[in-house]
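Trainee: Could you have a look at this structure, given as structure tokens, before my questions?
The values are calculated or read from the model by the stated rules, or taken from the named source; none is laboratory data. Nothing here was measured: the structure is a model prediction, and the numbers come from that model. Neighbour counts run over all protein chains shown; Cβ positions are idealised from the backbone, glycine included. Remember, those area values only see protein heavy atoms, side chains included, never the ligands or the DNA or RNA. Shrake-Rupley method; radii C 1.70, N 1.55, O 1.52, S 1.80 Å.
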Amino acid sequence: MITTCAPEDVFTPADLDDDQRLIGQTAEEFVAKEVTPNIPDLEQHKEGLMPGLLKKAGGLGLLGGAIPEQYGGAGLDKVSATVLAEKLAGYASFAVSHGGHAGIGTIPIVYFGTEEQKRKFLPKIATGEKLSCYCLSEPQAGSDALAARTRAVLSPDGKNWILNGQKMWITNGGFADIYIVFAKVDGEKFSCFIVERGTPGFSVGAEEKKMGIKGSSTVPIFFENAPVPKENLLHEIGRGHIVAFNTLNVGRFSLGAYCLGGAKHVLAAASRYAKERTAFGKSLSEFGLIKAKLGEMAIRIYAVESMIYRSAGMVSAAVSGPKSGADKSQQAMQVLEEYAIESSISKVAGSETVDYCVDEGVQIFGGYGFHEDYPVARAYRDSRINRIFEGTNEINRMLIIQMLMKRAMAGILPLMPAALKLADEVIAGPAFEETPSGEFAEQERSLGQAKKVFLLAAGTAVQEYREKLADHQEIVAALSNIAMDVYAMESSLRRAQKAAKLRGEAAGVLGDAARAFIYDAMDRVEKEARTALAATAEGDALLTQLAVLRRFSKHSPLDTISIRRRVADVVLAQHRYPFEGR
Ligand SMILES: Cc1cc2nc3c(=O)[nH]c(=O)nc-3n(C[C@H](O)[C@H](O)[C@H](O)COP(=O)(O)OP(=O)(O)OC[C@H]3O[C@@H](n4cnc5c(N)ncnc54)[C@H](O)[C@@H]3O)c2cc1C
């Protein structure tokens, strides 16, 4: 984020190869043919339907993406896994069930299982013969997962772990066969276990009555002196948090991709409706305020898609890169840990983009958007959970800055030298810098300035609060918002530049989408920095900081209204997100 990168180094959807596109097509066709016709029954929890569909998906190889080939999976690279998640998002309840099984219900065994555990469980998970789920949350312990009360003690004969306690909100819990359960050994050492359905003393509660994703199973799980074979301990005693958080890290990334796919579906539906519906003798699609919504939805999707595929490309490249001797799974886990910030960004930005899209989608449908006969009403309800699970967006916002600072302190990210250089520039006045040129010169300049704004606001906050910065959550969240916008600006810009270079699209709507996003992001970045600085400094020091902020935040006016209209026109011409695969 602090250093710069060239457009050709950034992975974009245009770089997907034929195999990756085929995975997307297979997933999309599966949802359209097998899942969508069953939505009314799925919403009513028709017995056996969701597990049956998951098993069918398994038959097509859609469940084993995270599982290495030697254990019966597809061993997909990160980009392919991202395409798969995105294209399964046509029905949110199915996407959530898929993620509960093939993501967080599988990852712990892939990355932390013993050879024996992998051989026993993974082939069946890959085909869907056995369905799985991830059991971390408890009634009193959600965000604060390590406050779990479920206990495990070794039986007197040393053969079993005896589990007691309760888990809450378990996706797929109603029909799963394999439960990845976190419990504290002797009430202290947070650990992880593989529990199989049928274990005595293990029981599943009733389905929760939820606001959305009604087609998915969400249940509490109970353990009453449940004996779990000793060999089902996953990873090491007292190291369960490593399993839990690394798994969530992977899950978060995919969650962003599912959200991206969901947002595209809503845009397509809203576009079709806007064209068909008339008011005041015109099609809704002719009204400026409707075009503004369609255009903005497409622009935000473009930005989040640019970020997610860029991150996926970086992870894929890092995992396949040469690292001698390391076990492949361990190497992948290490890389995923390195990209944990990008995972949190994917989750927060993806969930907030789809929330924006469903909200405006309902608005475009008017009263009909509020009626259950129209899928946009369901999409609106389904979307809301994404900001809550896999680490709430509040928790992820804090994690982003916490991880950035940790990497900066360790010298992994060159944040400190950049902040010192900026401090010199602030004192000495504007230094001579090469002025960006070319079709995206203004956006390039804005990006550079936005990075300086981050350094200014973060540097001031760190200097003022030091190790107590985490206690100033509102400031941390403001910094996190800047960091996310900077990443989105850069990803959007590099993708547009790459498209311009390879396909001469600079003057087209894709370039316009990047320009509009960057223009608005710059305004947001300035506002967040102003809020953070005002809570950090005071008096003359604050006035000086704000003057510097104004200097960094200057950007030339851009007619974003016209851009949104142009983007909306291409959405309406195709009735879909117009930058697919570009
Ligand atoms: C439909 C559904 C499916 C789910 N599936 C699963 C699953 O498969 N497996 C599983 O283990 N869990 C699952 N969950 C649980 C989910 O992960 C938790 O609900 C989530 O982590 C939040 O925990 P909580 O509900 O206890 O809220 P709390 O942690 O009580 O949070 C309440 C509010 O306080 C905020 N907050 C909490 N701590 C802080 C803090 N330190 N600083 C600032 N704000 C804070 C939160 O952001 C939130 O806004 C699911 C939940 C739902 C609703």
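Trainee: Looking at Ser346 and the list (1) in contact with a helix residue (DSSP H, G or I) (Cβ under 8 Å, 6 or more places away or on another chain); (2) at pLDDT below 95, which single condition is not satisfied?
Mentor: (2)
Trainee: Determine whether Ser137 is within 12 Å of the ligand (Cβ to nearest atom) and at negative phi.
Mentor: Numbers: within 12 Å of the ligand (Cβ to nearest atom): yes; at negative phi: yes.
Taking the combined requirement at face value, the residue satisfies it.
Trainee: Take the range 105-122 and flag every residue that is under 22 Å from Ala257 (Cα atoms) and open to solvent by 20 Å² or more (accessible area, probe 1.4 Å).
Mentor: Correct list: Tyr111 only.
Trainee: Could you say which residue among Glu360, Glu372, Glu352 is of a type outside the set (Val, Ile, Thr) and not in a helix (DSSP H, G or I)? Quick ask: steps written out before the conclusion?
Mentor: Details: Glu360 fails: not in a helix (DSSP H, G or I); Glu352 fails: not in a helix (DSSP H, G or I).
Only one candidate qualifies: Glu372.
Trainee: Do we have Ile125 as within 16 Å of the ligand (Cβ to nearest atom), β-branched (Val, Ile, Thr), open to solvent by less than 20 Å² (accessible area, probe 1.4 Å) and in a strand (DSSP E or B) here?
Mentor: Working: within 16 Å of the ligand (Cβ to nearest atom): yes; β-branched (Val, Ile, Thr): yes; open to solvent by less than 20 Å² (accessible area, probe 1.4 Å): yes; in a strand (DSSP E or B): no.
Against the criterion (within 16 Å of the ligand (Cβ to nearest atom), β-branched (Val, Ile, Thr), open to solvent by less than 20 Å² (accessible area, probe 1.4 Å) and in a strand (DSSP E or B)), Ile125 does not qualify.
Trainee: Report, ordered by the first and then the second residue, all pairs with beta carbons closer than 6 Å, sequence separation of six or more or different chains, a first member in the range 214-239 that is under 22 Å from Leu42 (Cα atoms) and open to solvent by 30 Å² or more (accessible area, probe 1.4 Å), and a second member that is within 16 Å of the ligand (Cβ to nearest atom) and modelled with pLDDT of 95 or more.
Mentor: Lys214/Glu43
Trainee: Answer with yes or no whether Ala6 is small (Gly, Ala, Ser) and surrounded by fewer than 19 Cβ atoms within 10 Å (Cβ to Cβ). Before the answer, list the steps.
Mentor: Working: small (Gly, Ala, Ser): yes; surrounded by fewer than 19 Cβ atoms within 10 Å (Cβ to Cβ): yes.
Here the answer is yes, as Ala6 does meet what is asked.
Trainee: Could you check Ala529 against (1) more than 30 Å from Lys468 (Cα to Cα); (2) modelled with pLDDT of 95 or more and say which number it fails?
Mentor: (1)
Trainee: Right, here's the next one. How many residues are surrounded by 22 or more Cβ atoms within 10 Å (Cβ to Cβ) and within 11 Å of the ligand (Cβ to nearest atom) if we restrict to the range 358-405?
Mentor: 8
Trainee: Given the residues Glu305, Glu342, which is the only one that is more than 16 Å from the ligand (Cβ to nearest atom), open to solvent by 20 Å² or more (accessible area, probe 1.4 Å) and part of a helix (DSSP H, G or I)? Let's see the steps before the verdict.
Mentor: On the way: Glu305 fails: open to solvent by 20 Å² or more (accessible area, probe 1.4 Å).
Glu342 is the lone residue from the list that is more than 16 Å from the ligand (Cβ to nearest atom), open to solvent by 20 Å² or more (accessible area, probe 1.4 Å) and part of a helix (DSSP H, G or I).
Trainee: Which residues, counting only those in the range 140-174, are within 16 Å of the ligand (Cβ to nearest atom), assigned to a loop (DSSP other than H, G, I, E, B) and open to solvent by 70 Å² or more (accessible area, probe 1.4 Å)?
Mentor: Of the residues in the range 140-174, the ones within 16 Å of the ligand (Cβ to nearest atom) are 140-150, 163, 165-174.
Filter again for assigned to a loop (DSSP other than H, G, I, E, B), leaving 140, 142-144, 148-150, 172-174.
Listed by number, the residues that qualify are Gln140, Ser143, Asp144, Arg149.
Trainee: Show the residue pairs that are 6+ apart or on different chains and have beta-carbon atoms under 7 Å apart, the first residue being within the range 379-392 and within 24 Å of Ala244 (Cα to Cα) and among the β-branched types (Val, Ile, Thr), the second being open to solvent by 50 Å² or more (accessible area, probe 1.4 Å) and more than 6 Å from the ligand (Cβ to nearest atom).
Mentor: none
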